[in-house]
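Report on one structure; see the data block that follows.
Quick note: the coordinates plus some simple rules give every number you see, no bench work behind them. Treat the numbers as computed from the prediction; the structure is a model and nothing was measured. With ideal geometry, Cβ positions are generated from the backbone for all residues, glycine too; neighbour counts draw on all protein chains shown.
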Amino acid sequence: MDDSKSFAYRKSLSEYRIKLFLIGPTILVLILMNVFPLFWSLILSFTNYSSMMTKKISLVGVANYSKVLNNPVLWKYFQTTAWFVIVAVGLEFLLGFSFALLLKEKFKGWGLVTTLMLIPMMLSPVVVGLFWTFIMDANFGLLNYIIGLFGINKVSWLTNPNIALFSVALVDVWMWTPFVMLISMTGLLAIPQSLYEAADIDMASWWFKFRKVTLPLVSPLLVLAVLFRVIDAFKMFDLIFIMTGGGPGDITETISMSLYRLAFNKFKTGESCALAYIILIMIIALSNLLIRWINRAKS
Amino acid sequence: MEKVKVDNLYKSFGEVEAVKHINLSIEEGQFVVILGPSGCGKTTTLRMIAGLEQPTAGDIFVEGKKVTHLHASKRDIAFVFQSFALYPHMTVYQNISFPLEAQRLSRPEIKERVMNVVEFLGIEPLLSLKPKQLSSGDMQKVALGRAMVRRPKVFLMDEPLSGLDAKLREEMRAELKRLHIEINATTIYVTHDQIEAMSMADTIVVMNDGVIQQIGSPQQVYMEPENIFVANFIGSPGMNFLPLVYTGKNTLFRYGPDQEFSHPQLSFLTQIDQKEFILGIRPEYVQISPSGLMNGEIISVEPLGYKNVYAVELPGGIRFMVEDMRTEKYSGQVKLQINWKKACFFTKNDELRIKWSQKNG
Amino acid sequence: MEKKVWKGILIAVGLAFFLLPIYWIIATSFKQWPDIFAIPPKFVFRGTLLNYMALFNIRLEEVAKFGQVGKSLFLPRFMNSVVIAGVSTLLSITLGTLTAYAFSRFKVKGEGDLLFFILSTRMLPPIVVGIPFFVLYRALSLLDTKIGLILLYMTFNLSFSVWLMKGFLDEIPKEYEEAALVDGYTRLEAFIKVILPQALSGIAATAVFCLITAWNEFFFALILTSEKARTAPPSIAAIQGSSGTNWGQIASGVTFFLIPVVVFTFLVKKYLARGLTFGVIKH
Amino acid sequence: MADVRLENIVKYFGRLCALREMSLQVRDGEFLILLGPTGAGKTTTLRIVSGLEIPDRGEIYINKQSMKGVQPRDRNCAFVFQTYVLYPHMSVYDNIAFPLRSKVWKMDENDIAQRIDRITSILKITHLLKRKPATLSGGEQQRVALGRAMVREPQLFLMDEPLSNLDAKLREGMRVELKSIHKKLGATFFFVTHDHVEAMTLGDRIAVLNQGSIIQVGAPEEIYSYPSSLFVAKFVGNPEINLIKCEVDNNSLQLKNIGVSFPITLFPQLKNKNLPQQILLGLRPEEIILTPRGSMKGEIYLVEDLGVDKIIRVKMNGMVLRIRIACEEYFHVGETVMLDVDTTKAKFFDPITEKSLER
């Protein structure tokens, strides 16, 4: 064995080299495939570049941004998106948490029932959008048949302007309520049984236990679930694209849908990059909120 | 009239019989310790008395009133959990005031009762802390405070000291004992640690395999164990056991492959219609002395400072533990002398202690 | 007793709410042409495999009798999905596990920030990243190539598998490696012989989540592929477009596509909470 | 076999100093106990000797060879973890054979089988060889961990509180067995524990460690009867030693809050020593005697019956003394008793330096 001095030197080096070898590639890939494209689109957002026309690219400064910012139609689409997020995530929270409370106590077949209920969120939004369009069909749709059983007459879910957005939100609720249910159930099951036994011994009523023990202990996870949902719902594109394509008219046009139309129908690449960056800033704000909350939940 | 009466209590989980037809009656103000190895049914019994577990059969009475199927929240019984079960999101003050708030007492009355419990336990500086900021000793005191503040009819404690380290456990034992002397509350305390049982109990209930082996005072359980299980479970190191076979000739008994000895004290055994017995003798009543009856070889010595504990191998592979207060150390071949007055004799087949009046005359 | 009955009913309603739509589309995929549009909708019907035959171009002449004409490209697209999802998962799992191992076992300077940088790349909305990728891939002629999508899905799943695998590796105590080190093994041997065997269930679960994510992806497939590398999701949506609302064939396409996802869901049901929150929430 | 020398080891974890200029010598073939409260740096010391941890400063020598930069696998010392750390996916046989299959040993299979058979018969676990660790009891797991350490016949056994997870009865049995294995193998045992009873019963010598530095090293009796500092006196011995404040004035010892005084000459340990004004008298519970002609009066405050003997606590105007009496004597709470001091065994400490005065 060579003299131990150099041997020690080699050892500490190798640990540094191991770390570099293991972490380096991932960081490189993420930079190449994420940071670089974003940087590239930032540049494009200051030009009048259009991926279809071959005319010369020229810098237009913040023209794109000002055009986007004071375009009233876009603010309407932001409003539609906000409305969609509030309705969808709100319903998901209420339904999800109540199902979690329902399924807290284990019963025979509990495993099967909970897993079956979690399938919707695992499906591809395209597939869900497709078969819900079929189910929500005005005349031969299953949904109208079922509400008919309760005496409510047929509803044209996706074509009636004042409920189209609600219908899409309903599908989002169908798909993502299981997510909120799963997270709140994890929170409920994490509460040690001995706390409820202690509360029983202390002669606490059911409502007192719920208000003083269950709710405070499960709330961090509930907030986390809602944050995850808000970010996802804000980015919603697939369902809208499949079910209504933003129609009727532009009633259900969310911001992602309008960005898609701007970039891939009208091919105004520069402008769409500018709008993309505005959306990106909002998402980063929301993600920071989520990341800070993840730190709190972890501790 | 007893404070707590357990009448023919039976509990099974599927075919596993956890508690088999036990009877217990506990007087007002008594400190009763239910002692036994893990899995002997002691905690299940305690949880049934508290109402956290429903018995399969049998009844439980508190102050004469039947409470067997009454929900835990209607029994006015306090329960200190092994894991303390403190509410993690509440401060110490809120934890202790929780039971009083649950009964919707007035705010000033809650504050007054909580504060005098807090002073009694000396945990004023902890009031605004959360459980995870407390040491295990403090957590244990807060759990106690939450139980005391309600002034319940009975205190139930499920191995509350097992989470603490050795030194703290010793202090808390003395603290709990002092507490009991002061508030004189009927307490049922469950533990697997025989030192805790011996040092704290007025009465010890030894349980094993779901059955009560013996009920008695610490001295009774230590000096006159009902059977071999109790004799071995109490005392550290446990009692030494030596199988004896009566040779039929006056008081001559055989032990090991072919060693024999006799002693007048053994004469009463000869009158029993059995030939095989087991001699039980505590390590502190076996002396190394030249006039010893039995010989053996010392295989290890454990110096404890104020005494030495020897492991002595007798012929036939039987190992005796011997405690010796003298400072000088022995080794190699020695002779062992038994303090016959302190010996116990068990029958070989049912391992029960032979009670004979003139034996300890 | 009464509370139990109410609970049973509510759970049954919940199950119906979530499962009926899925059952309905599967049933539709086995319905004859007229039964599909029956008013009131038919729950009892004579099943047929016509829709599947049309989907996989089997005995087209028999199918033609029912007016569903035209060659369907579902099978090649389905295979594209399998290849792209499979390869990208393999890449992201290997790279992700190695990186997760480094974060879990070594003290890395600025670990917190690095990890959150990795997580934030997953938060980017596809629509925002889509435009620059379209322009770049066209410049690098990666449009409509399997490699293009594989690279993209690998990146998408890489950050996810780093976080999930770190969660799994953190649960394996460090002492196992240290025991192996003292027993005469190098760190690499210790990793292969002691850590990897215990992490297999974790790796499998992470792989399944990556597969599902890549399998279900729609937006990038829509804008970055057209013919050769087209995956199933955009092509199923296209069925609707081409020959009018051919719901029978759509139903069979949808059913065939969602079966693997349902199977995978049951495989990883123990890790669902963990998988959907980047390993932040453990069951 | 192996001797270990640690020379002023310093180890920081961030700002926390785990080991402070610590030096220690483990003699060849010795059973040395490293005793100290949790957080004293015991486990860190073991990990530094085994190479799992690198000290910031200081030298380690095993058999006079510097271990600087030597990998754990090349130090030929076995490490028995507190939580046993048996590989869950391997059978008991593979767990024990694992070290011998490493590149360092490259032993062929039937040699391994032979050696395992010998080791497992000593440890009485041959019937467990096919089983997976999860199916074993605590005691069995502990023996398998010991087997994995013994199988390579290392020069040095490093043991990190291996008995602390066993229940009381099993621990007693394992102590006797560990001692006999040590005698049989003749290897050097470096054993860490926080339980002073375990230390007293197992160790040939005990090194007391507190907050990263060695306080005292000596045989069990020496540590118990002649503690070099207040810390050792309080840490070793159950129940804890009684400490009484005293004042020295013209060769008489005033026990302040008990109101009694003794002539200094009574205490041979204090002969011709220049004593500080204030000193602390240390008396172990068995060093206070209950006799009718005792010089101190007290009232019994609590009686704890441990079967083999009784611990009674006597209150003497504000101070509580712990006294050990034979189990025959019988007292009840509230009774007044007379006490006396075993002057030969009394220990004296300087309250400021907390050092023993007899050194």
Legend entry - Cα centroid separation - the stretch B:258-320 against the stretch B:164-213, whole Å: 31
Inset, instruction - Return the aspartates and glutamates within reach of B:K5: Cα separation strictly under 18 angstrom, same-chain partners fewer than 8 residues apart disregarded; answer none if there are no such residues. - result: B:E27, B:E28, B:E53, B:D59, B:E63, B:D76, B:D202
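Assigning unit charges at the beta carbon (Lys, Arg +1; Asp, Glu -1) and nothing else, what dipole magnitude in debye, to the nearest 20, does the protein assembly as shown show about its Cα centre?
3540
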Inset, instruction - Return A:T115, D:T135 ranked ascending by Cβ neighbour count within 10 Å, so the fewest neighbours appear first. - result: D:T135, A:T115
Legend entry - Estimated FRET transfer efficiency when R0 is 56 angstrom, pair D:D56-A:R292 (beta carbons, to 0.05): 0.95
Inset, instruction - Return the sequence-ordered ³J(HN,Hα) values of the stretch A:281-289 in whole Hz as given by the Karplus equation 6.51 cos²θ - 1.76 cosθ + 1.60 applied to θ = phi - 60°, using x for Gly and Pro. - result: 4, 5, 5, 4, 4, 4, 5, 4, 4
Inset, instruction - Would you mind giving the mean number of other chain beta-carbons within 10 Å of the Cβ of each residue in A:56-69, as a whole number? - result: 0
Inset, instruction - Could you check which residue among D:R131, D:R293, D:R152 shows the biggest mean-square fluctuation in a GNM of chain D with a 10 Å Cα cutoff? - result: D:R293
Legend entry - On Cα atoms only, tilt of C:74-105 relative to the major axis of chain C in degrees: 20
Inset, instruction - Using only Cα atoms, tell me the angle between helix D:168-185 and the longest principal axis of chain D; keep it within 0 to 90° and round to the nearest 10. - result: 60
Inset, instruction - Find the all-direction average of the projected area of the Cα convex hull for chain C, expressing the result in square nanometres with one decimal place. - result: 21.8
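Local charge sum around C:Y271 (other residues, Cβ-Cβ under 15 Å, Lys/Arg +1, Asp/Glu -1)?
Around C:Y271, the surrounding residues sum to +3.
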Inset, instruction - Considering the options A:N144, A:F241, A:N71, tell which one lies farthest towards the positive end of the dipole of chain A, charges being +1 on Lys and Arg and -1 on Asp and Glu at the Cβ, about the Cα centre. - result: A:N71
Inset, instruction - Provide the packing ranking of D:87-96, D:191-200, i.e. peptides ordered by the mean count of other C-beta atoms within 10 Å per residue, highest first. - result: D:191-200, D:87-96
Inset, instruction - Quick one: order C:I223, A:I146 by neighbouring beta-carbon count within 10 Å, fewest to most. - result: A:I146, C:I223
Inset, instruction - Mind ranking D:301-308, A:254-261, D:15-22 by how tightly packed they are, going by the mean number of other C-beta atoms within 10 angstrom, highest first? - result: A:254-261, D:301-308, D:15-22
Inset, instruction - Among B:V16, B:V118, B:V334, determine the one that fluctuates most according to a GNM of chain B built with springs between C-alpha atoms less than 10 Å apart. - result: B:V16
Legend entry - Two-decimal Rg to Rh for chain D - Kirkwood Rh, Cα set: 1.06
Inset, instruction - Specify, per residue and in Å³, the volume enclosed by the convex hull of the alpha carbon atoms belonging to the stretch D:180-298. - result: 158
Inset, instruction - Just grab the label-to-label distance for B:R104 and B:D209, each label 7 Å out from Cα along the Cβ direction, in nm (one decimal). - result: 5.2
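With 10 angstrom as the radius, rank C:W215, A:W174, C:W6, A:W293 by how many other C-beta atoms surround their C-beta, starting from the fewest.
C:W6, A:W293, A:W174, C:W215
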Inset, instruction - Take peptide A:136-145, look around each residue's Cβ out to 10 angstrom, count Cβ atoms belonging to other protein chains, and average those counts. - result: 4
Inset, instruction - Using the Cα centre as the reference, give the magnitude of the dipole from point charges on the C-beta atoms of the stretch C:74-276 (Lys, Arg: +1; Asp, Glu: -1; all else neutral), rounded to the nearest 20 debye. - result: 320
Legend entry - From phi via Karplus (6.51, -1.76, 1.60), per-residue ³J(HN,Hα) for the stretch D:339-348 in Hz, x at Gly/Pro: 10, 9, 10, 7, 4, 5, 8, 4, 10, 10
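I'd like the mean, over residues of C:253-260, of how many other protein chain beta carbons sit within 10 Å of each residue's own Cβ.
3
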Legend entry - Nitroxide proxy distance, nm - points 7 Å out along Cα→Cβ at D:K245 and A:L94: 6.9
Legend entry - For the protein assembly as shown, calculated [θ]222 nm from helices alone, where every DSSP H run of n ≥ 4 adds -39500 (n - 2.57): -14000 deg cm²/dmol
Legend entry - Packing-based ranking, highest mean first, of B:141-147, A:221-227, B:240-246 given that Cβ atoms within 10 Å are counted: B:141-147, A:221-227, B:240-246
Legend entry - Full-extension gain in nm, A:Y16 to A:L69, via 0.36 nm per residue minus C-alpha separation: 14.3 nm
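May I ask which of A:K106/C:K4; B:K153/B:K177; A:K266/C:K228; C:K269/D:K132; D:K106/D:K179; D:K271/D:K345 have a Cα-Cα span longer than 20 Å here?
Going by Cα-Cα distance, A:K266/C:K228; C:K269/D:K132; D:K106/D:K179 fall outside the 20 Å limit.
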Inset, instruction - Using only Cα atoms, find the angle between the long axis of helix D:109-122 and the longest principal axis of chain D, and express it within 0 to 90 degrees, rounded to the nearest 10. - result: 30
Legend entry - Euclidean distance of C-alpha centroids, the stretch D:287-359 and the stretch A:86-127, integer Å: 67
Inset, instruction - Calculate I(q)/I(0) for chain B by the Debye formula, one identical point scatterer on each C-alpha and no solvent, and give its log10 at q = 0.11, 0.13 Å⁻¹ to two decimals. - result: -0.85, -1.05
Inset, instruction - With a point put 7 Å past each Cα toward its Cβ, work out how far D:T291 is from D:D167 in nm, to one decimal. - result: 4.5
Legend entry - Test item: Cα-centred dipole of chain A, Lys/Arg +1 and Asp/Glu -1 on Cβ, debye: 680
Legend entry - Set of lysines with alpha-carbon distance to B:K342 below 28 Å, sequence-local pairs under 8 removed: B:K249, B:K275, B:K307, B:K329, B:K355, B:K359, D:K169, D:K310
Inset, instruction - Could you work out how far the C-alpha centroid of the stretch D:55-93 sits from that of the stretch D:194-225, in angstrom? - result: 23
